[in-house]
1. Does the range A:301-335 hold any residues that are near the ligand (Cβ under 10 Å from one of its atoms), open to solvent by less than 10 Å² (accessible area, probe 1.4 Å) and among the β-branched types (Val, Ile, Thr), and which are they?
2. Quickly run through the range A:163-182 and pick out the residues that are part of a loop (DSSP other than H, G, I, E, B) and surrounded by 17 or more Cβ atoms within 10 Å (Cβ to Cβ).
3. Specify which of the listed residues (B:LEU57, B:LEU91, B:LEU115, B:LEU67) is among the hydrophobic types (A, V, I, L, M, F, W, C), open to solvent by 20 Å² or more (accessible area, probe 1.4 Å) and in contact with a helix residue (DSSP H, G or I) (Cβ under 8 Å, 6 or more places away or on another chain).
4. I want to confirm something. Restricting to the range A:291-323 and keeping residues that are of a type in the set (Gly, Ala, Ser) and not in a loop (DSSP other than H, G, I, E, B), which single residue is nearest to the chain's Cα centre (by Cα)?
5. Evaluate the range A:80-92: report whether one residue or more is open to solvent by less than 40 Å² (accessible area, probe 1.4 Å), within 29 Å of A:VAL163 (Cβ to Cβ) and β-branched (Val, Ile, Thr).
6. Within the range A:426-442, is even one residue away from chain B (no Cβ under 12 Å), out of contact with any Asp or Glu (no Cβ under 7 Å at 6 or more places or on another chain) and either over 14 Å from A:LEU408 (Cα atoms) or not aliphatic (A, V, I, L, M) (or both)?
7. Residues A:ILE220, A:ILE205: which one is farther than 28 Å from A:THR147 by Cα and of a type in the set (Val, Ile, Thr)?
8. Kindly provide the set of residues from the range A:441-458 that are at pLDDT below 95 and within 16 Å of the ligand (Cβ to nearest atom), ordered by number.
Amino acid sequence: MPLSGRRSRLALAIVAGSALLFAALWGRHAIVHAQSAAQNQLTVYSPQTSYSVPLLDANGQPYAGLVELLEPLGSVDARADGKKYKLHFTPPGGRPLELQFTEGKNKGKVRGNGYKLPANFVVQNGRGYVPLSVTSALIAKLLATDTELHAAPRRLFIGNVQVRYTLELHKDNPSRLLLGFSSPVNPSIATEPGRVRLTFRREPIVSSVGENVPYSDPLITGVSFSEHDGLAELDVTGTAPMMANFADGGRTIIVTGAPAPAPVAQAAPAPLPPAPANTQNPTPQPRQPATPRFLVLIDPAHGGSDIGAAITPSLPEKDVVLALARRVQHELANRGIAASLLRNSDVAITLDQRATSANAARPALYIALHAANTGQGVHVFTALLPAANLSPQGFLPWDTAQAAYLELSGSVAGSVAAELESRKLPNTRLLAPLRPMNNIAAPAIAVEIAPPAGTVDEIANAAYQDQVAQSIAAGIAAVRAKLPEVRP
Amino acid sequence: MTRRVLVMFAVLAIIALGLAFYALHLKRKVARDEQVAAQQQLALAPPANGPPTSVTLYVASDSDGTLRRTQVNVTLPPERTERDRAVLRALFGQYLQSSSPHPIGAGADVRDVYLLGDDTAIVDANAAFADAHPSGVLAEALTVASIVVTLNANDTKIQRVKILVNGQERETLAGHADLRRFYEASNIGQVVKDLQ
Ligand SMILES: [Zn+2]
């Protein structure tokens, strides 16, 4: 006896419901896999800042997170509601623009008009992702500006930010190659016999003279340009050891023959970690002497598999502090202070590696950023060192490298706390046995933001974070004159 | 019945069976967790012989970053390290209450306290103390400070304290506070705004 149509529909509904339930139970595993696959990243260069956006592999192509892509360019308010995803993007001084997409569909809406993606929209863990190939057109539409995507090397240029270079070979003895840049640059420089490699992580360097320029010269044999993995490289090859020097405030780099090796005394002994350095160490390459400069190094704590505190089940500390770090960098730039981020993407860095990188970068100030649910407002810390354990020789032992800078660190912490106070933000100024503060050979503070007063989600509120970032930047600017510039 | 409907019922039966197993698994897990929790509650009960003694606890408060001095009555065992352990368990007892101004992870306990020489105490906490501790600079610093200050207040010979977790050295308590070092009672007080 055949079942009635109604009963078979009921059975179908039960099957579908059970399948959904299973999907929900297994969903967690799917997300974990997606996260571990998100290795590569896109570097975005905008007139205000450079930043990295982690990429996700989906539907056989790379996808970029919408929030990570847009947040550094304005304020973002995103919401996933079932399969529907809505995002409001407000460019600086502009009005909110709306983007709407649906998970698994390629048709959406941008600024009220239909918008077709080259592949289906992806929502994972409440975050929306668009294909990498569309990021350029999407930002052009939102910011009404020119954009250019170099998809394979993972580089996106917003506005006319590209920095071009010129090459000038002077056949002196030894020969000198002058690399001129349209604005100051600060690449990491690696030298090996017969080769100098300049790696540009944050500068939108593009080639204007062809990828390979050969020279018939006794010393310098050629220059090649390449871009990959979100960075650009200039490789100078030669017949003998060479070195690179900065000139003209970073607008010129001079590559020439290296003098015969002689023992070189370091200005101040930097402390070394107790363990042998990791091969994956993100330490910047030591640079040639240059003019002193004032650099603030911002260390957004945690990253990668170390999520830090779970502010809410879907809001890990590592994301909160990265967003805050970019705001602090922006606010410092507004006050004419250069700042770089120790991590600008979701990567894991060990505590010892953080200290090693920070000390190698020789910043005028190191600032670690944390976020927590404990208490409210902002906690400002300096290092709690072991009682009286200073080495008399001026050599800085790894475990107490911070001791020599503690007074300056205290000035900065006090100044930041005063700025928080003047903005009526609850704040607490304390000492903490926080790693790796004791290993930092520079003035150092740590700032931990907790929710302002209301619900925990407000920790990610743009207005709140902006106020905190402004307090930090203003506090640093107020004591800048006290902090010595450092020779990089 | 048609073949299609038969197949559908077979699929349904398999799904139902799968869900039943999953439910059973969840139920067993809950039962196990409850048992562990009950055992830990039991472990927190003070030993019930001898007259109670007044001990001094420095109880952390997250809202203002302070340690507040509190007196409680605890039955103390005669042996010195057992007494130190009982004092710390009384401190943990304050933190484990639902109204705690400084909550720590459920099930946190002190496994052992032992001495290196006369002035250095090694506190061996259980895994739940670290694994379930709220992650944060302030939260972790206050826990460490309150342990060291409280131990020193009740056993003034103790000048240095190191915290182990499950008998092992750990890099940090819950991602922030350094657990590899020895803390000195003389300067740990600087962690907090006030000792009240
Ligand atoms: Zn943290």
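1. A:VAL320, A:VAL321
2. Let us first name the residues in the range A:163-182 that are part of a loop (DSSP other than H, G, I, E, B), namely A:171-175, A:182.
Matches in the range A:163-182: A:PRO174, A:SER175.
3. On the way: B:LEU57 fails: open to solvent by 20 Å² or more (accessible area, probe 1.4 Å); B:LEU91 fails: open to solvent by 20 Å² or more (accessible area, probe 1.4 Å); B:LEU67 fails: open to solvent by 20 Å² or more (accessible area, probe 1.4 Å).
Going through B:LEU57, B:LEU91, B:LEU115, B:LEU67 in turn, the sole match is B:LEU115.
4. So the first thing to find is which residues in the range A:291-323 are of a type in the set (Gly, Ala, Ser), and the list is A:301, A:303-305, A:308-310, A:314, A:323.
Okay, now just the ones that are also not in a loop (DSSP other than H, G, I, E, B), so A:303, A:310, A:323.
Numbers: A:GLY303: 11, A:ALA310: 21, A:ALA323: 9 Å.
Among them, the one singled out is A:ALA323.
5. Our first condition is that a residue be open to solvent by less than 40 Å² (accessible area, probe 1.4 Å); within the range A:80-92, this holds for A:85, A:87, A:89-91.
Filter once more, keeping what is within 29 Å of A:VAL163 (Cβ to Cβ): A:89-91.
Adding the requirement that they be β-branched (Val, Ile, Thr) leaves A:90.
Yes - at least one qualifying residue is present in the range A:80-92.
6. Going residue by residue through the range A:426-442, those that are away from chain B (no Cβ under 12 Å) are A:440-442.
Now drop any that are not out of contact with any Asp or Glu (no Cβ under 7 Å at 6 or more places or on another chain), which leaves A:440-442.
Next, from what is left, pick out any that are either over 14 Å from A:LEU408 (Cα atoms) or not aliphatic (A, V, I, L, M) (or both): none.
Within the range A:426-442 (the criterion being away from chain B (no Cβ under 12 Å), out of contact with any Asp or Glu (no Cβ under 7 Å at 6 or more places or on another chain) and either over 14 Å from A:LEU408 (Cα atoms) or not aliphatic (A, V, I, L, M) (or both)), the answer is no, since none of the residues qualifies.
7. Values: A:ILE205 fails: farther than 28 Å from A:THR147 by Cα.
Going through A:ILE220, A:ILE205 in turn, just one is farther than 28 Å from A:THR147 by Cα and of a type in the set (Val, Ile, Thr): A:ILE220.
8. A:PRO451, A:VAL456 - these are the residues of the range A:441-458 that are at pLDDT below 95 and within 16 Å of the ligand (Cβ to nearest atom).
The values are calculated or read from the model by the stated rules, or taken from the named source; none is laboratory data. Note that the structure is predicted; figures quoted are calculated from it, not measured. No Cβ is skipped: glycine too gets one built from the backbone with ideal geometry, and neighbour counts run over all protein chains shown. Remember, those area values only see protein heavy atoms, side chains included, never the ligands or the DNA or RNA. Shrake-Rupley method; radii C 1.70, N 1.55, O 1.52, S 1.80 Å.
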